[in-house]
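Bear in mind that the values in this text are calculations on the coordinates, not laboratory data. As the structure is a prediction and not an experimental result, all values here were calculated from the model. All Cβ positions, glycine included, derive from the backbone under ideal geometry; neighbour counts span all protein chains shown.
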Amino acid sequence: MKSRKFTFFLLFITLTVLSVGAWKAFSDHSELTALENRLADKNQRLSELQKVMDEAAKKSKETLQYLTDGIDRRKGEAEEAELSLKNKRQQLDSQKGAWGFKEDEIQKLSMEAQEVRKEVATVNKETEHARARLGTLSSSLPTMENQVSALTASIESEKQRELDRKRALSTYEAITAIYKQHFSLTLSELQNYMYARPWLERGEKFSVSNVQFDFQAGFVGLPEGMERGLEKGMIFAVRSNGRNICRVKIHEVSPKNSVAMIIPLYGNPVDLRKYKSFDLIYL
């Protein structure tokens with residue numbers, strides 16, 4: 001689950017970075033287009049002002065030529081010519097003032113155009129930087145896609161491993177249940193075998209009490225017989241409280257009782273009187 005969240009988080013970051021880069025490039029392009037339109041408008045205004053200046057200069061030249069011709073033609077009419085000349089000079093001065101004003105406007109427009117060119121150059125640099133960043137993002141996009149693909153494959157692999165582990169656990173649980181059942185059955189059979197079988201294995205022991213003695217005849221009466229697995233000729237070591245007392249040999253046996261003969265020269269059979277119960281070990 002954490003791996004999936006981490007994958008979605010990486011995808012989200014990648015898409016966010018690409019969206020921001022695309023938005024920045026689009027914004028820079030729109031701003032560049034607006035500045036280019038402004039520059040075109042300024043250039044158009046400069047062209048119109050240049051036309052006006054050319055027309056004003058042309059008109060001034062024509063007026064000056066006309067006044068010069070009028071002075072030559074009308075020397076006799078000096079006063080009228082001088083008055084007319086004054087008027088024309090006043091008109092010329094006003095035109096020169098207007099021309100100077102227009103030159104100031106042209107200079108201002110030139111300065112504004114220079115500033116616009118600087119802004120355009122700055123925008124071009126920023127556009128180049130944005131394009132470079134976009135190129136870097138575009139070049140790194142395959143690597144990011146490969147990483148995302150690798151993470152997706154790793155997640156799928158982990159999912160498959162989890163499914164395999166779940167299957168293995170379920171199989172292990174079923175096998176364990178079978179083993180437990182087999183162990184229970186085996187233990188039950190062993191217990192039945194230990195308590196129900198009618199024979200004794202060498203080294204096996206069992207406890208008896210209420211034993212009868214006849215030391216003169218050298219016999220011992222035991223309250224166990226063939227049902228306990230005793231047979232004629234079996235030899236047992238008699239012990240009590242971890243102490244070896246003597247050895248006996250089965251002489252006569254019935255289903256529930258038996259008579260054993262004390263084997264001489266082994267231990268001290270008289271000590272049998274000191275104990276009420278004994279352990280018989282089949283030799």
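The residues Val20, Val259, when put in order of fewest to most other Cβ atoms within 10 Å, stand as Val20, Val259. Considering helices alone, the calculated mean residue ellipticity of the chain at 222 nm is -26000 deg cm²/dmol, with DSSP H runs of length four and up weighted by -39500 (n - 2.57) and normalised per residue.
Cα centroid separation, the stretch 47-104 to the stretch 112-169: 70 Å. In degrees from 0 to 90, rounded to the nearest 10, what is the angle of the helix 78-196 Cα long axis to the longest principal axis of the chain? Between helix and principal axis, roughly 10 degrees. Counting other Cβ atoms within 10 Å as a rough exposure proxy, the listed residues Asp164, Asp28 run Asp164, Asp28 from fewest neighbours to most. Computed from label points 7 Å out along Cα-Cβ, the spacing between Ala40 and Ser149 is 4.4 nm. Put a plus charge on the Cβ of each Lys and Arg, a minus charge on the Cβ of each Asp and Glu, and nothing anywhere else: the dipole of the chain about its Cα centre is then about 1880 debye.
How far is helix 2-73 tilted off the main Cα axis of the chain, in degrees rounded to 10, range 0 to 90? That works out to roughly 0 degrees. All other residues whose Cβ lies under 12 angstrom from that of Leu32 are scored, Lys and Arg at +1 and Asp and Glu at -1, for a net of -3.
Charged neighbours of Met53, selected by a Cβ distance under 13 Å, balance to +1 (K, R count +1; D, E count -1).
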